[in-house]
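Scroll down for the structure; my scribbles are underneath it.
The values are calculated or read from the model by the stated rules, or taken from the named source; none is laboratory data. Since the structure is predicted, the reported quantities are computational estimates derived from the model, not experimental observations. Here the Cβ is made from the backbone with ideal geometry for all residues, glycine too, and neighbour counts use every protein chain on show. Side chains are part of the model used for accessible areas, which takes the heavy atoms of the whole protein and leaves out ligands, DNA and RNA. Shrake-Rupley method; radii C 1.70, N 1.55, O 1.52, S 1.80 Å.
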Amino acid sequence: MNRRHFLRNTAGTTLALASVQSLFGQDSKSPYVENMGLQLYTLRNEFKKDIPGTIKAVAEAGYKQVESYGFPNADEMIAAAKDNGLAVNSSHFDWNTIVNATDETLSDFRKVVEKAKELSIAHLVIPFVQDTVRKSLDDYKKVAEQFNKAAQITKEADIQLSYHNHNFEFEPMAGGKSGYDVFIEEFSPEMKFEIDVFWVKLAGIEPAALIEKLKGRVTQLHLKDLRKGVEIPSYGKIDKGDFREIGNGFIDMKPIMAAAAANGVEHCHVEQDQSPDALASVKLSIAHLKKS
């Protein structure tokens, strides 16, 4: 991913998205808002005290679906979601079952896929890869090969496998090329992307431009906001306070969701990695989306 290429094309993308926004009008709501999801990792601390009560509050706030995490060990949160009328279309899962597979057949990952199939989960998402396996472009290429192998397994189960980004994948490496560039080049047609707009923006890339670039290859989005004044581009760790509720930062979600609608994205999920009151934050985020 050449950051300067995306920045040069931002103006053109903005003009293109102006017409795309006619899909749901300047004054009407994005279709994603009415079926908004929540990545439940946001509420991990609340879950330590009360999973059913926390999930009930999510449904009452207006969310219609959730994306679980820690799968296949997510039974209680998934059950609570379904009990409260929330769809569970997607889940993050233990990446080690692919990245650090115990055998060439990916037998541990196959068990994850089997359980997802039983629960009618249509999307499995690789949430992270640790730094020990991404020190070079060749490392990223090897990881992509493993992902492609796993994506073939999910295809046979009628499940979509995708990769969720952070900011580190966009850091320029040898020759100015990034790990995300490698993923774009090496992912098979069966292997897709879940774009986290917060981390993309932090890396100095316009999320709408990236969605446009990857037309048809992005299955889902994570929506979260970023503190005004944060240093961009940044590829390392950031302060907890840099994570903001949607509407309390500077990322404009309308053109992002417009690009999503124009380029085949299925679901959008609110997420906020850090918050002193996560339940209050997710309520603020969806309230802003519904009124904006």
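Things worth noting here:
- Single residue of segment 194-240 satisfying the filter (under 18 Å from residue 179 (Cβ atoms), in contact with an Asp or Glu (Cβ under 8 Å, 6 or more places away or on another chain) and assigned to a loop (DSSP other than H, G, I, E, B)) that is most open to solvent (accessible area, probe 1.4 Å): 235
- Qualifying residue in segment 61-69 (condition: among the polar types (S, T, N, Q) and more than 16 Å from the chain's Cα centre (by Cα)): no
- Scanning segment 183-193 for residues that are within 12 Å of the chain's Cα centre (by Cα) and either in a loop (DSSP other than H, G, I, E, B) or of a type in the set (Asp, Glu) (or both) yields nothing.
- Across segment 252-292, the number of residues qualifying as open to solvent by less than 30 Å² (accessible area, probe 1.4 Å), within 19 Å of residue 47 (Cβ to Cβ) and of a type outside the set (Ser, Thr, Tyr) comes to 8.
- The residues of segment 166-183 that are open to solvent by 20 Å² or more (accessible area, probe 1.4 Å) and touching a Lys or Arg at 6+ places or on another chain (Cβ under 8 Å), listed by number, are 168, 172.
- Residues that are in contact (Cβ under 8 Å) with a residue 40 or more places away in the chain and aromatic (Phe, Trp, Tyr), drawn from segment 32-66: 32, 41, 63
- For first residues located in segment 180-200 and within 15 Å of residue 128 (Cβ to Cβ), partners that are in a helix (DSSP H, G or I) and of a type outside the set (Gly, Ala, Ser) and lie 6+ apart or on another chain with Cβ distances below 6 Å form the pairs 180/169; 180/170.
- Meets criteria (open to solvent by 20 Å² or more (accessible area, probe 1.4 Å), outside any helix (DSSP H, G or I) and either modelled with pLDDT of 95 or more or not hydroxyl-bearing (Ser, Thr, Tyr) (or both)) for residue 249: no
- Output for segment 120-131, where each listed residue is assigned to a loop (DSSP other than H, G, I, E, B) and open to solvent by less than 50 Å² (accessible area, probe 1.4 Å): 121, 122, 127, 129, 130
- Residue ID - nearest to residue 62 (Cα to Cα), chosen from residues in segment 258-286 that are out of contact with any helix residue (DSSP H, G or I) (no Cβ under 8 Å at 6 or more places or on another chain) and touching a residue at least 60 places away in the same chain (Cβ under 8 Å): 285
- Residue selected from segment 132-165 under the condition closer than 29 Å to residue 37 by Cα and of a type in the set (D, E, K, R), by the criterion least open to solvent (accessible area, probe 1.4 Å): 149
- Segment 61-107, residues that are closer than 24 Å to residue 279 by Cα, open to solvent by 10 Å² or more (accessible area, probe 1.4 Å), outside any helix (DSSP H, G or I) and among the charged types (D, E, K, R): 64
- Checking each residue in segment 260-287 for being touching a strand residue (DSSP E or B) at 6+ places or on another chain (Cβ under 9 Å), within 13 Å of residue 249 (Cβ to Cβ) and in a helix (DSSP H, G or I) picks out 281, 285.
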